[in-house]
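The values are calculated or read from the model by the stated rules, or taken from the named source; none is laboratory data. All figures in this text were calculated on a predicted structure; none of them were measured in a lab. FYI the Cβ positions are ideal-geometry reconstructions off the backbone, even for glycines, and counts take in every protein chain you see.
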Amino acid sequence: MATWTWFHKLASPPHFYRIAGTLTPWLAIPAALLIVGGVYGGLVRAPADYQQGDAFRIVYVHAPSAWLSLMCYTYMAIAAAVGLIWRIKLAHAVAAATAPIGASFAFVCLATGSLWGKPMWGTWWEWDARLTSQLILLFLYLGYMALRNAFDDLQRADRASAVLAIVGVVNVPIIHFSVYWWNSLHQGRTVLKEGGPGMPPEMLIPLLMCFFGFTLMYGALLCVRVRGEVLIRERNAAWLKQLGAPRAA
Amino acid sequence: MTPRRKRLAVVGGILLGVAAATTVAMQAFEDNLLYFYDPSQIQAGMAPADKKFRIGGLVTPGTIQRTPGSLEVRFVVTDNAHSMPVSYSGLLPDLFREGQGVIAHGRLQNGVFYADEVLAKHDENYMPPEVAKSIKHPVNTTTAGTTGYAPENPAVGGPSTGAPPPSPQPHAAGSLAEQFSTADSIRKPGGPT
C-alpha cells in the first residue's frame, strides 16, 4: 500500500500539526483579502437590485454562509466516516473541529435570511421546505456537539458522534434540492442556475469573491481548530513535550 | 472480510438504509411537504377543501382592485394555465405588485380564495434597475403574446385568459413565470395519486 503513505503521514498528529501551522497564514491572508474585496464590491460598488433595492446585498453574506454550512457538514461526515472505518484519530479531530464552524455558518445563514425575509417576503420565518431543512442542519450540528460533550471518553465520543454525522448527511441533498422538489417560498439557485447566473457580472464577481473568501476562511479556521484538537488529544505525547520544552524552559 | 472492510460495509449500510428510509418517508408525506398549491393543482382538486392552505402564483396584471378607505384588496393569481381570484384585507409585503409571484394563506369559498396572509415570492434573478427597464420594454411590446406572461403589462391577461404555458423565454424577462414553471415541471404527470 505504498500509495497510501502520504495519507498515513498526513494522519500522523505531529506531521499534521506542523503542516496546519504553516498553512494557516496562506489561507487566512487570501481569505481576508477576498472577503474585504467582495464585501466592498458587493456593498459599495454593485448596483442596487431592480426589485429589492439595497436589501439584496444581504446575499453577499447569506449565500456564502449557506454554501459553507452545507460544505462543512459534508466534510464533517466524510471525516467522521474515515475516522470510523480506518480508525484514524486525526479524522475524528477534523470532524470535531469542523462542527462549530459549520454551526456558525448555518446560524448566520438563518439569521440573515430571516432579516431579509421580513421586508421581502413579508415574514421572518415560514415552515417552508428549504427553511425547515436548513434549521434541521443547525440542530444536527448542535446535536453533534452536544453528543460529543456527553462522553468523558474521547474515543467513545468520536465513534458515537461519527454515526450521527453520517446519518445526518442525508439532509444535505434535501436542503440543496428542496426548492426544486417541492413548491417553496425560497427562490432557486442564482449562481449555478441553468443557462448561466441570474445576475450581471458587477453583482456576481463580488459574490464569487465572497464565496472563495469564505471557503478559504473555513480552511484557516479549520487549521487553527484542528491544531487545538491535536493539542488536547496528544497532551501526554512525547513529541508535544519536546515541542513545548524550549518555551517552558 | 477484514475488520476494516466490515466497518466500511457497516457505514455504507447505515447510509443506504437512512437514505432509503428518508426517500420513502418523503414520498409518503409528499403532499404535506408542498408549501403551496398552484391554481392548476387546486382546479384538479388536490388542495384540501375543509382546511386552510396556501395558493401560489403570479398576480395577473390589471386585476388589483383596492377598496378606498380600507386595507381590502382583490386580485387574481395565475399560473398561466388556470387563475383564481383572491380576497385579502391587511398589509402587503413591499414586493407585492402586478406580475409578482405571491403566496397567500387562507381558505377557498365559492371559487374565491379568502386570504389571511399574503407573502411575496422572490425569484433567483438580480439586476440593476436600468437593465430591468431595458429588458422589460421590448418584451412587453413584441413577445407578450407568446411568452404567456409579461411583467407589469396591463394589456395581457384578464382573470382567465387561459394563456398557454410559458415557452422558452428570453433570459431574465421570463423570470417571474420561470419560478412557477419550475414547480410545474416537478409535478407528477399523473396528477393526484
Unique match (being within 11 Å of chain A (Cβ to nearest Cβ), crowded, with 17+ Cβ neighbours inside 10 Å and within 18 Å of the chain's Cα centre (by Cα)) among B:PHE36, B:PHE75: B:PHE36
Among the residues of the stretch B:123-139, are any facing chain A (nearest Cβ under 9 Å), surrounded by fewer than 18 Cβ atoms within 10 Å (Cβ to Cβ), in contact with an Asp or Glu (Cβ under 9 Å, 6 or more places away or on another chain) and at pLDDT 80 or above? no
Pairs only if they're at least six apart or on different chains, beta carbon under 6 angstrom, first in the stretch A:5-26 and within 19 Å of A:ALA80 (Cβ to Cβ), second in a loop (DSSP other than H, G, I, E, B); list them, first residue then second. A:ALA11/A:ILE88; A:PRO13/A:GLU234
Among the residues listed as B:MET26, B:MET46, the single one being more than 30 Å from A:GLN51 (Cα to Cα), among the hydrophobic types (A, V, I, L, M, F, W, C) and facing chain A (nearest Cβ under 10 Å): B:MET26
Out of all the residues in the stretch A:11-38, which are at pLDDT below 95 and in contact with a Phe, Trp or Tyr (Cβ under 6 Å, 6 or more places away or on another chain)? A:PRO14
Given the conditions (1) within 14 Å of chain B (Cβ to nearest Cβ); (2) over 30 Å from A:VAL167 (Cα atoms); (3) free of Cβ contacts under 8 Å to residues at least 40 places away in the same chain, report the number of the one that A:GLY42 does not fulfil. (3)
Looking at the stretch A:77-97, which of the residues that are away from every other protein chain (no Cβ under 14 Å) and out of contact with any Lys or Arg (no Cβ under 8 Å at 6 or more places or on another chain) is farthest from A:SER184 (Cα to Cα)? A:LEU90
Name the one entry in B:SER70, B:SER83, B:SER89 that is surrounded by 21 or more Cβ atoms within 10 Å (Cβ to Cβ), farther than 30 Å from A:PRO173 by Cα and in the same structural domain as B:ASP123 (by TED's automatic domain parsing). B:SER83
Flagged pairs (Cβ under 9 angstrom, 6 or more apart or on separate chains; first in the stretch B:94-107, more than 20 Å from B:ASN80 (Cβ to Cβ) and more than 9 Å from chain A (Cβ to nearest Cβ); second of a type in the set (Asp, Glu) and in a strand (DSSP E or B)) are B:HIS105/B:ASP116; B:HIS105/B:GLU117; B:GLY106/B:ASP116; B:GLY106/B:GLU117; B:ARG107/B:ASP116
Output the residue which, of all residues in the stretch B:50-66 that are over 17 Å from B:ASP116 (Cβ atoms) and surrounded by fewer than 17 Cβ atoms within 10 Å (Cβ to Cβ), is farthest from the other protein chains (Cβ to nearest Cβ). B:GLN65
Pick from A:TYR50, A:TYR60: which is hydroxyl-bearing (Ser, Thr, Tyr), free of Cβ contacts under 8 Å to residues at least 60 places away in the same chain and within 14 Å of another protein chain (Cβ to nearest Cβ)? A:TYR50
(1) of a type in the set (A, V, I, L, M); (2) surrounded by 22 or more Cβ atoms within 10 Å (Cβ to Cβ); (3) within 14 Å of another protein chain (Cβ to nearest Cβ): which one isn't true of A:ALA106, the others all being true? (3)
Among residues of the stretch A:140-179, those that are outside any helix (DSSP H, G or I), more than 16 Å from A:VAL94 (Cβ to Cβ) and among the aliphatic types (A, V, I, L, M), counted: 2
Which condition breaks for A:LEU138 when tested against (1) hydrophobic (A, V, I, L, M, F, W, C); (2) farther than 13 Å from A:LEU70 by Cβ; (3) crowded, with 18+ Cβ neighbours inside 10 Å? (2)
Looking for something of a type in the set (A, V, I, L, M, F, W, C), more than 10 Å from every other protein chain (Cβ to nearest Cβ) and either crowded, with 21+ Cβ neighbours inside 10 Å or in contact with a Leu (Cβ under 9 Å, 6 or more places away or on another chain) (or both) - is there at least one such residue anywhere in the stretch A:176-199? no
